[in-house]
1. Within segment A:95-109, how many residues turn out to be away from ligand 2 (no atom under 16 Å from the Cβ) and buried (at least 24 other Cβ atoms within 10 Å of the Cβ)?
2. What are the residue pairs meeting all of these: first residue in segment B:210-235, first residue within 7 Å of another protein chain (Cβ to nearest Cβ), second residue surrounded by fewer than 18 Cβ atoms within 10 Å (Cβ to Cβ) and not in a loop (DSSP other than H, G, I, E, B), Cβ atoms under 6 Å, and 6 or more apart or on different chains?
3. With the requirement that a residue be crowded, with 23+ Cβ neighbours inside 10 Å and under 17 Å from residue A:94 (Cα atoms), what does segment A:56-67 give you?
4. Return yes when residue A:44 is within 20 Å of residue A:161 (Cβ to Cβ) and assigned to a helix (DSSP H, G or I) and no when it is not.
5. Listed residues B:93, B:151; which is within 17 Å of the chain's Cα centre (by Cα) and more than 7 Å from chain A (Cβ to nearest Cβ)?
6. Determine which single condition residue A:197 fails, assuming it passes every other condition in (1) closer than 30 Å to residue A:88 by Cβ; (2) touching a residue at least 40 places away in the same chain (Cβ under 8 Å); (3) part of a strand (DSSP E or B); (4) more than 11 Å from every other protein chain (Cβ to nearest Cβ).
7. Would you check which residues across segment A:8-43 are surrounded by fewer than 20 Cβ atoms within 10 Å (Cβ to Cβ) and within 19 Å of residue A:247 (Cα to Cα) and list them?
8. Just need a number here: residues in segment B:29-56 that are in contact with a strand residue (DSSP E or B) (Cβ under 7 Å, 6 or more places away or on another chain), modelled with pLDDT under 95 and farther than 30 Å from residue B:160 by Cβ.
Ligand SMILES: Cc1cc2nc3c(=O)[nH]c(=O)nc-3n(C[C@H](O)[C@H](O)[C@H](O)COP(=O)(O)OP(=O)(O)OC[C@H]3O[C@@H](n4cnc5c(N)ncnc54)[C@H](O)[C@@H]3O)c2cc1C
Ligand SMILES: Nc1ncnc2c1ncn2[C@@H]1O[C@H](COP(=O)(O)O)[C@@H](O)[C@H]1O
């Protein structure tokens, strides 16, 4: 059987999630190809060819693919599926947007947010905000999956697959790209970060959110995340949201500051290796998942933690 | 303008699901069920489009149809939407789990019968966490889609939609008719007023079945086992920041 992995990239570079999804694909089959669909995305295609275990890279380049608009991606991928038994997308907003279109065109049910591949037809995925984990068998002729990249190890480099150019769909499409606001930051990307400092409603304002969390994140070399309440209140942008309906993260260290620990938030971070919670309410549910809980007002706790980290040489 | 809003009846978001001890599924008996929160946002947006609130100029002659696929009790969910301002409902009766693909097929048939200009769905049902139905419906209809919407601006023949994406925000123009799915920041749904709840009781709800639309709802996927997530080993409370940093060092994470 042959499996196609749809790469996540920004045309210039390949995102980590791609090599993680390749790992999931390799658990299904030895024949794993990667599709790089973009515009002037040669560099991303070259990077995909270096992932160990990739058989071949398909590279479709065209203006219509620059922003990976769902209609264009579907027009590209669905016909390719004549050659594949399964297609895997990272469970990112791009993958989630495109995958179901392909599944519907192929008339197959999709498996969303897969966290483990048991065999070529049996997969594990969370439901109910991760409060139940279901093992699903699919007897379908073809399978369409979105894969939670955080639960798979990245495939190492070391491959040298051939890159094959394929035609990009020309359209016309009924969707037009207008604009985007992409947050620029020197910090690590949230979903791939080794350490994350996350803030909640307790921070009270955008100013306070940044004033308190940024120095701590800087000291730890951490990405910054937020609860839904903090995003809704405008303390942090939407792409900071961690949770069931935001981003799923699994860093080595997750520091939750002034976050209560609602099930929807826990769904996005409870697979972190070490969880620290700072909350002044000792009954807060976040303490049930925290390895180290500090019951204290963040206003005094965060500066003290900064001091101690300084003493520890950070 | 006619707007179709598909709504799902799900376990209330405040409740934690129970996994059956024999691993055969989840136990929903005697638990409160509510409208999927994203679908409530979809209904609210449709009502604002009709009324001309929340940045919309009132769209003349707007009719809002709420449709739910599910058991008899999904009627209550539809009444909810009617109390918020939807005009009429369609209940497509189906017992047991209906996968997003089958839901999308039923919705396609409803769209063909109702001919809406816009379908607004939730981005995700909080029970199956699939995040599929809107995209599937768009594919089956060959319509454009704008998922994860945090802002919608309607103008002649198109919708300009701002989407919440991993890197920030993206704005697209989609030609109507189109599919839009809602994200959390699109709006804050209203509470239905008592008079509107009373009025909703008189609004019509059509009853249909999946078979009426010629759709087979037999699941394609087989749930082999449902389990509790692995429990985290219990943690400890530390007394001071110094103790915390000491523990983090011991754990090797700093
Ligand atoms: C459909 C749906 C989807 C959702 N998706 C998500 C999601 O993806 N991610 C998410 O996070 N949430 C999500 N939620 C929201 C979730 O239910 C909670 O409302 C939210 O996580 C609460 O955020 P919070 O912990 O910051 O705020 P709160 O629950 O208000 O908690 C604030 C905490 O700060 C503590 N505190 C206050 N002052 C201080 C102080 N000075 N020092 C220290 N501690 C202090 C309080 O004790 C409290 O525990 C979703 C909800 C719904 C309905
Ligand atoms: N049974 C259903 N009846 C009506 N609408 C549904 C149903 N299932 C899903 N939907 C719609 O599709 C959206 C996404 O659901 P899902 O793809 O299951 O995550 C929901 O927010 C609803 O708007």
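The values are calculated or read from the model by the stated rules, or taken from the named source; none is laboratory data. Computed from a predicted structure; not experimentally measured. No Cβ is skipped: glycine too gets one built from the backbone with ideal geometry, and neighbour counts run over all protein chains shown.
1. Here the count works out to 0.
2. Sorted first by the residue in segment B:210-235, then by its partner, the pairs are B:222/A:137; B:224/A:135; B:224/A:137; B:225/A:135.
3. A:60, A:64, listed by residue number.
4. Criteria met by residue A:44.
5. Testing whether each residue is within 17 Å of the chain's Cα centre (by Cα) and more than 7 Å from chain A (Cβ to nearest Cβ) leaves just B:151.
6. (1)
7. Scanning segment A:8-43 gives A:10, A:16.
8. Residues in segment B:29-56 being in contact with a strand residue (DSSP E or B) (Cβ under 7 Å, 6 or more places away or on another chain), modelled with pLDDT under 95 and farther than 30 Å from residue B:160 by Cβ: 0 in total.
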